[in-house]
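Participant: Handing you a structure now.
The values are calculated or read from the model by the stated rules, or taken from the named source; none is laboratory data. None of these values were measured; they are calculated from a predicted model. With ideal geometry, Cβ positions are generated from the backbone for all residues, glycine too; neighbour counts draw on all protein chains shown. Just so you know, the surface numbers come from the protein's heavy atoms only, side chains and all, with ligands and any DNA or RNA stripped out. Shrake-Rupley method; radii C 1.70, N 1.55, O 1.52, S 1.80 Å.
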Amino acid sequence: MNQERDGQRFETVAIHAGQEPDPVTGAVVPPIHQSSTFKQDGVGGLRGGWEYGRSGNPTRAALEENLAALEGGRRGLAFASGLAAEDCLLRTLLRPGDHLVIPDDAYGGTFRLVAQVVDRWGVAWSVADTTDPAAVRAAVRPETKAVWVETPSNPLLGITDIAAVAEVARSAGARLVVDNTFASPYLQQPLALGADVVVHSTTKYLGGHSDVVGGALVVADEALAGELTFHQNAMGAVAGPFDSWLVLRGIKTLAVRMDRHSANAARVAEALAAHPRVVQVCYPGLPSHPGHETAAKQMRDFGGMVSFRVEGGERAAVAVCDRARLFTLGESLGGVESLIEHPGRMTHASVAGSALEVPADLVRLSVGIESVDDLLADLAQALG
Ligand SMILES: *Cc1c(COP(=O)(O)O)cnc(C)c1O
């Protein structure tokens, strides 16, 4: 993986890219430019190019430059949510008559956007098991303009070989989009593996503290960057200055957080795998996981998300969620605090009855950075 930029490694880039001390005051932290408009020195005389807060804001621009550097892309774009970023991207890539391939375990909100919104634009779509490049090859058509993958996926932690699917997409003349939310750019850099666009819900690991909702796109291609920038302004679902600042602040500790998330999750996955009431553990760091080798090849470590199936079906899985104390019962993921949820009744309730339905006995954990001993003790008592 290429973790270097101008000779600097990821940890350094995360703290410094886009974040030079303020030229006017010397403030070490980029100011929150909470201003909707900018004074012009005579008509059209913009200071530093700033004109109106939807078109551009210096705090948002700092985040966008930082995100581009972290993913090794040419341009970063920050949005009001992950789904706002996805909406902008899909409107930019697709026209009526085009076709899109999405994964059979896509994030529920992505599936809803495609099945209930994009579908109405006259765009065709189909679902494929992207963990099998041959299945993606079988799903693409002459009119396929984009292939969407999510790896690790949600909530089953499936692993897609990004380089292999990039090859399939390229030979079909389609763009490869990778939702990198679960890995974060610290663990995985899809553009270097051949992806055209990286999508993030910055709400999750990039923000990292469960205190902001945001989204981002990062692209390598200058022409596509220009089209997306046009649509970002034309549609207007931009990240606000304070939200941009919160994400930037979160990113400074991304590397140390991801190391601890990964280390804690590995211990949790091992303990669950040894528990008599656990039927199956989904964690790409376990050698028994079908995507383990691919994950080891394309990721620095295996991340903080773990799912498992509980003996006794839905009632038993729900009971584990209800009994957990330190693991907070809630949707979302990627914050410093550990969360537990029942995908079938919570995050994935909207895909019930579709190709994306998840097992009823599944429990999903977002393993935080608390003491792993306390986390293990809580899971042991919740499993009874
Ligand atoms: C949360 C999430 C999204 C959507 O992001 P929002 O910020 O909630 O709009 C997209 N993809 C994945 C993998 C997510 O976890």
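Participant: Out of the residues in segment 208-244 that are among the hydroxyl-bearing types (Ser, Thr, Tyr) and either at pLDDT below 95 or part of a helix (DSSP H, G or I) (or both), which is nearest to the ligand (Cβ to nearest atom)?
Facilitator: So the first thing to find is which residues in segment 208-244 are among the hydroxyl-bearing types (Ser, Thr, Tyr), and the list is 210, 229, 244.
Within this subset, residues satisfying the condition of being either at pLDDT below 95 or part of a helix (DSSP H, G or I) (or both) are 229, 244.
Values: Thr229: 20, Ser244: 14 Å.
Restricting to residues being among the hydroxyl-bearing types (Ser, Thr, Tyr) and either at pLDDT below 95 or part of a helix (DSSP H, G or I) (or both), the top hit is Ser244.
Participant: Further question on the same structure: In the set Gly97, Gly76, Gly42, which member is farther than 20 Å from Gly226 by Cβ, touching an Asp or Glu at 6+ places or on another chain (Cβ under 9 Å) and outside the structural domain of Met346 (by TED's automatic domain parsing)?
Facilitator: None of the others qualify; the one that does is Gly97.
Participant: Still on this structure, please answer the following. Taking the criterion of being open to solvent by less than 50 Å² (accessible area, probe 1.4 Å), in a loop (DSSP other than H, G, I, E, B), at pLDDT 95 or above and not assigned by TED's automatic domain parsing to the domain that holds Thr347, would at least one residue in segment 54-65 satisfy it?
Facilitator: yes
Participant: Could you list, in sequence order, the residues of segment 304-334 that are within 16 Å of the ligand (Cβ to nearest atom) and surrounded by 22 or more Cβ atoms within 10 Å (Cβ to Cβ)?
Facilitator: Residues satisfying the conditions are Gly304, Met305, Val306, Ser307, Leu333, Gly334.
Participant: May I pose another question? For segment 96-207, which fully contained strands (runs of 3 or more DSSP E) count at least 3 residues that are open to solvent by 10 Å² or more (accessible area, probe 1.4 Å) and more than 27 Å from Arg74 (Cβ to Cβ)? Reasoning before the result, please.
Facilitator: Values: elements: 99-103, 124-128, 144-150, 175-179, 197-201.
Counting at least 3 such residues, we get 124-128.
Participant: If Phe79 satisfies every condition in (1) within 16 Å of the ligand (Cβ to nearest atom); (2) out of contact with any Cys (no Cβ under 8 Å at 6 or more places or on another chain) but one, which is the exception?
Facilitator: Phe79 satisfies all of (1) within 16 Å of the ligand (Cβ to nearest atom); (2) out of contact with any Cys (no Cβ under 8 Å at 6 or more places or on another chain) except (2).
Participant: Cβ-Cβ below 6 Å, separation at least six or inter-chain, first residue in segment 167-178 and under 15 Å from His99 (Cα atoms), second small (Gly, Ala, Ser) and assigned to a strand (DSSP E or B): which pairs?
Facilitator: Ala174/Ala146; Arg175/Ala146; Val177/Ala146
Participant: Anything in segment 233-270 that is open to solvent by less than 10 Å² (accessible area, probe 1.4 Å), more than 24 Å from Leu375 (Cα to Cα) and of a type outside the set (A, V, I, L, M)? List them, or say none.
Facilitator: Ser244
Participant: Related question: When the residues of segment 136-161 are filtered to those that are of a type in the set (A, V, I, L, M) and under 19 Å from Leu90 (Cβ atoms), which remaining residue is farthest from the ligand (Cβ to nearest atom)?
Facilitator: Per the criteria, the residue is Val140.
Participant: Let me ask something else. Does segment 290-303 contain any residue that is in contact with a helix residue (DSSP H, G or I) (Cβ under 9 Å, 6 or more places away or on another chain), more than 20 Å from Thr181 (Cα to Cα) and buried (at least 22 other Cβ atoms within 10 Å of the Cβ)?
Facilitator: Scanning segment 290-303, I find no residue that is in contact with a helix residue (DSSP H, G or I) (Cβ under 9 Å, 6 or more places away or on another chain), more than 20 Å from Thr181 (Cα to Cα) and buried (at least 22 other Cβ atoms within 10 Å of the Cβ), so the answer is no.
Participant: Among the residues of segment 86-105 satisfying the criterion of being closer than 25 Å to Glu357 by Cα and modelled with pLDDT of 95 or more, which is nearest to the ligand (Cβ to nearest atom)?
Facilitator: Glu86
Participant: May I ask you to verify whether Leu83 is within 15 Å of the chain's Cα centre (by Cα), hydrophobic (A, V, I, L, M, F, W, C), open to solvent by 50 Å² or more (accessible area, probe 1.4 Å) and at pLDDT 95 or above?
Facilitator: yes
Participant: Every residue in segment 188-203 that is more than 16 Å from Leu89 (Cα to Cα) and either within 14 Å of the ligand (Cβ to nearest atom) or among the polar types (S, T, N, Q) (or both), please.
Facilitator: Result: Gln188, Gln189, Pro190, Thr203.
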